[in-house]
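Encoded as structure tokens, the structure appears first; notes follow it.
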Amino acid sequence: MSEPTGALSREHAFELDSTDYYRVELGKHLFYDPILSRDSTISCATCHKQELAFTDGLQKSVGIRNRMVTRNSPTLSNVGNRTMFLLDGVNPSLESQVGVPIQEHNEFDFHVLLVIDRIQNSPKYVAMAEKAYNTSEITEFILKNSIATFERTLISDNSPYDKFLDGNYAALDNRQKKGMELFFETLYCSKCHSGPDFTEDRLTNNGLYTAYADSGRMRLTEAEADRAIFKVPTLRNVAKTAPYMHDGSIATLEEVIKHYESGGHPHPGKGEEIVPFELTAEERQNLIRFLEALTDEDFLTNPAFRVD
């Protein structure tokens with residue numbers, strides 16, 4: 001077998017200096033603080049729980065007053081490596097993405113400027129801002145940059161697969177190695193899920209439906225060619241991020257694989273790479289075992305990602 005095309009660069013997405021440390025601390029506290037939502041009942045961490053690789057385990061997330069969000073919560077595993085944000089890639093940066101849930105009616109249902117007023121009235125946050133930005137005046141930049149800076153520290157690079165790439169060949173068992181060969185060599189899943197994070201940061205239609213309730217990237221561009229296309233997600237910690245797809249409509253990895261085995265549903269925008277194939281039950285389980293080897297237990301439990 002040739003070397004997997006998902007070989008991981010050991011360079012971290014983000015390295016801290018002393019100033020960044022204080023910005024990370026401020027962003028982390030804001031990430032976990034429900035002060036960002038209108039009724040102060042939910043926080044970023046409500047939909048992004050560390051033990052679930054910063055997802056929430058729900059088909060679709062729930063905002064304030066039990067309002068249903070229209071999409072499944074994406075993982076934040078190595079989110080600092082991404083080049084576009086939200087499931088349809090409409091946001092170009094982490095900083096710009098931070099403001100979206102704050103102002104979405106079904107999420108925090110608030111306004112960034114009103115959030116800033118709340119933060120400004122908190123002696124704790126004013127003191128943290130002075131250390132992080134050398135100012136006591138809370139601004140929109142400070143709010144967004146702090147949370148984005150914290151999110152860039154959410155680095156997952158110590159899964160059994162990573163250890164295997166580092167030369168610990170016993171880190172994967174025989175079934176996982178067979179699944180890896182299926183992934184890279186037989187099925188060529190890496191055509192979409194490649195690189196260190198098993199994503200090319202591109203958008204496609206995967207044949208989930210013949211007719212989609214969600215218009216995907218077309219919501220931004222209004223171009224028919226962008227109807228029902230969504231970001232190819234990272235597969236890091238994928239065994240912890242069920243349910244799957246943009247709408248959380250597939251409950252298990254086995255069902256996801258069976259969807260792709262079928263070749264998906266007919267749709268004029270379906271990616272040309274979505275074609276049917278056949279697996280035995282044993283091969284399917286081996287592939288699942290490999291995907292489970294992308295779980296980084298350190299990432300799921302790292303105390304640096306929590307507020308004590």
Provide the FRET efficiency to the nearest 0.05 for the Asn158-Thr41 pair, computing r from the beta carbons and using R0 = 35 Å. 0.55
Computed on Cα atoms, Rg of the stretch 18-155 relative to 2.2 N^0.38 Å comes out at 0.99
Fewest-first sequence of Ile229, Ile64 by Cβ atoms within 10 Å of each Cβ: Ile64, Ile229
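Rounded to the nearest 0.05, what FRET efficiency is calculated for Glu261 and His111 with R0 set to 35 Å and r the Cβ-Cβ distance? Please list the in-between numbers first.
Values: r = 46 Å, r/R0 = 1.32.
Efficiency at R0 = 35 Å is approximately 0.15.
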Å³ per residue of the Cα convex hull, for the stretch 160-299? 109
In the stretch 214-290, the GluC sites (Glu not before Pro) that fall in loop regions by DSSP, at most 13 other Cβ within 10 Å: Glu222, Glu272, Glu273, Glu278
Using the beta-carbon distance between Glu140 and Thr210 and R0 = 41 Å, what value does 1/(1 + (r/R0)^6) give for FRET efficiency, to the nearest 0.05? 0.45
Label points 7 Å out from Cα along the Cβ direction at Lys124 and Met68: separation in nm? 3.5
Between Leu220 and Glu273, with labels modelled 7 Å along Cα→Cβ, what's the label distance in nm to one decimal, could you check? 1.9
Taking θ as phi - 60°, what are the ³J(HN,Hα) couplings along the stretch 256-272 by the Karplus curve (6.51, -1.76, 1.60), each to the nearest whole Hz, with x for Gly and Pro? 4, 4, 5, 4, 6, 4, 6, x, x, 8, x, 7, x, x, 4, x, 5
What's the lysine pair count for the chain at a Cα cut-off below 15 Å, pairs eight or more apart or interchain? 10
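Where a number appears in this text, it was derived from the coordinates with a stated rule and is not lab data. Since we're looking at a predicted model, the values are computed, not measured. Neighbour counts run over all protein chains shown; Cβ positions are idealised from the backbone, glycine included.
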